[in-house]
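Please read the structure below before turning to the comments.
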DNA sequence: ATCATATTATGACAATTATCATATCGTTTC
DNA sequence: GAAACGATATGATAATTGTCATAATATGAT
């Protein structure tokens with residue numbers, strides 16, 4: 001094996017390439033390109049040709065698209081170990097969504113041809129991809145159903161809990177989204193996101209310092225996310 | 001090859017099993033079970049163990065789940081050539097959704113072990129599955145985003161256009177959903193679905209005879225789906 | 001520092017949607 | 001056929017959400 005290959009040491013190897021050895025790993029390793037993006041930078045643009053299979057090594061990204069009015073809708077937020085160039089990649093030749101960096105991020109890019117050629121030789125890797133993809137797609141669908149049934153306050157609560165429990169593992173964190181982006185994600189207006197946050201602050205559920213959120217009363221917030 | 005195998009003649013063979021020959025095709029063929037369901041019958045129940053990979057040979061089905069209030073939400077409607085047991089199948093051990101027949105339907109059921117064992121031997125088949133699955137998941141996500149941005153009348157219009165253009169290929173058809181189910185699909189109340197239909201009738205866009213819908217003015221309906 | 005600009009914030013009001021009550025129609029059951 | 005039931009239908013009203021106006025605060029450029 002190529003001794004200069006660093007993929008063997010990559011903590012994300014197990015994500016897709018568990019069953020990869022020798023020549024196949026060398027192929028991925030020599031063909032891969034790592035790219036860095038600063039906060040706010042565009043990673044993938046809706047409508048461009050798909051050339052690479054992209055996954056996130058570090059940082060946080062949003063996937064989004066424009067609706068028929070030109071307004072942006074956020075489809076999902078992904079952290080490392082989640083896909084980035086997920087769904088369209090195996091069925092389309094161009095991206096259905098855009099992706100951009102919510103925090104400074106690093107991606108690993110592998111040519112689609114390489115992935116496809118290896119997957120067709122290595123069924124276990126293909127099955128692994130299938131498993132991972134279905135999990136990610138499922139989460140997007142279930143989250144979108146969950147959001148749909150909630151009232152506005154519940155949607156904002158849902159989002160705050162997500163950041164606290166799944167992304168930052170703390171009751172205090174900096175929101176990676178503007179109020180406007182939060183609105184684009186949960187399908188409401190910016191004003192109503194702000195109003196919901198203000199109400200939570202007024203009711204002693206949150207402390208808010210600009211983008212910094214401190215969840216004081218998680219239990220109440222959870223019951224709002226569930227029923228309110 | 002087993003001469004009694006009928007899979008070779010199945011018009012859906014190309015869907016997933018294009019690249020299947022000899023022993024592998026025999027394995028699928030001898031293990032498969034076809035099942036018939038009458039309109040309204042349950043095909044898959046949320047929460048039960050996944051044993052089979054199921055696809056639809058004929059008919060029409062809905063996939064749905066219950067929200068935290070116990071209310072049903074329809075996730076998607078599938079016709080033949082679309083998946084039935086789509087997403088959860090490769091990542092979960094139990095179903096996240098239920099499936100039931102909107103019309104008399106026939107499914108073909110293949111043991112998950114057989115699919116997995118063949119996919120791990122046959123990367124091209126696995127890639128084919130990946131391609132098909134990502135297409136289906138993508139459609140569900142994009143449809144759900146599209147519905148979310150519309151007002152009530154636009155959602156009902158969207159649904160009617162879907163049935164007319166993608167399922168029945170006619171401007172006159174029998175709705176396979178009750179008004180209540182239509183509401184569960186597009187996220188609104190039954191009363192408002194009925195109201196929207198009544199308005200369309202009043203405005204000369206539709207003729208309605210119970211479950212039979214005749215779209216008289218498709219152009220107007222399309223502009224309502226797009227902007228109204 | 002100062003200006004211009006975008007984001008956050010709040011209120012008043014309008015539009016949309018849900019809820020509740022009630023009526024009609026069609027189907028099934030006896 | 002009559003009774004009972006569920007689906008469809010419509011109106012009145014309440015609740016929710018969006019729109020518009022305006023102000024305060026933060027951010028970035030010069």
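Values quoted throughout were computed directly from the atomic coordinates according to the rules given, and no laboratory measurement underlies them. Note that this is a predicted model, so its numbers are computed, not measured. Don't worry about glycine lacking a Cβ; one is built from the backbone with ideal geometry, like all the others, and counts go over all protein chains shown.
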What does the C-alpha gyration tensor say about the overall shape of region B:7-146? Classify as rounded when a/c is under 1.5, otherwise prolate if a/b is larger than b/c, or oblate.
prolate
Percent relative contact order of region B:151-228, based on C-alpha pairs within less than 8 angstrom and at least six residues apart?
41 percent
Quantify how strongly other chains surround peptide A:114-124 by giving the mean number of their Cβ atoms within 10 Å of each of its Cβ atoms.
4
Any chance you could run the full-extension gain for residue A:36 through residue A:21? It's 0.36 nm times the residue separation minus the Cα-Cα distance, nm to one decimal.
2.7 nm
Relative to the longest principal axis of the C-alpha atoms of chain B, give the angle of the C-alpha long axis of helix B:218-227, reported between 0 and 90° and rounded to the nearest 10°.
90 degrees
Where in region B:193-216 does the amide nitrogen come within less than 13 Å of the point 7 Å from the Cα of residue B:170, taken along Cα to Cβ?
B:212-215
Add -39500 (n - 2.57) for each DSSP H run of 4 or more in chain B, then divide by its residues: what number comes out at 222 nm, to the nearest 500 deg cm²/dmol?
-12500 deg cm²/dmol
Please state the relative contact order of region B:7-146 as a whole percent: Cα pairs under 8 Å, 6+ residues apart?
33 percent
Using a 10 Å cut-off on Cβ to Cβ distances, tally the other chain neighbours for every residue of A:139-147 and report the average as a whole number.
5
Order B:162-168, B:203-209 from most to least packed using the mean count of other Cβ atoms within 10 Å.
B:162-168, B:203-209
Quote the relative contact order of region A:39-121 in percent (integer), defining contacts as alpha-carbon pairs under 8 Å separated by 6+ residues.
46 percent
Three-way shape call for region B:150-227 based on the alpha-carbon gyration tensor, with the a/c threshold at 1.5
rounded
Extend 7 Å from the Cα of residue B:12 along its Cα-to-C-beta direction; within region B:21-51, residues with backbone N under 19 Å of that point are B:21, B:25-46, B:50-51
Let's test the formula: R0 of 41 Å, r as the Cβ-Cβ distance of residue A:111 and residue A:208. What FRET efficiency results, to the nearest 0.05?
0.40
Shortest first and in nm with one decimal, please list how far the residue B:38 label point sits from its counterparts in the other copies (point 7 Å along Cα→Cβ).
6.8
Within 10 Å of each Cβ in peptide A:61-71, how many partner chain Cβ atoms are there on average? Round it to a whole number, please.
2
What nm distances, shortest first, do you get from the label point of residue B:26 to those in the other copies when the point sits 7 angstrom along Cα to Cβ?
3.8
Output, in nm with one decimal and in ascending order, the distances from the residue A:169 label point to the matching label points of the other copies (7 Å from Cα along Cα-to-Cβ).
5.5
So for the protein assembly as shown, using the alpha carbon gyration tensor with a ≥ b ≥ c as root eigenvalues (a/c under 1.5 gives rounded; past that, a/b versus b/c decides prolate or oblate), I'd call it oblate
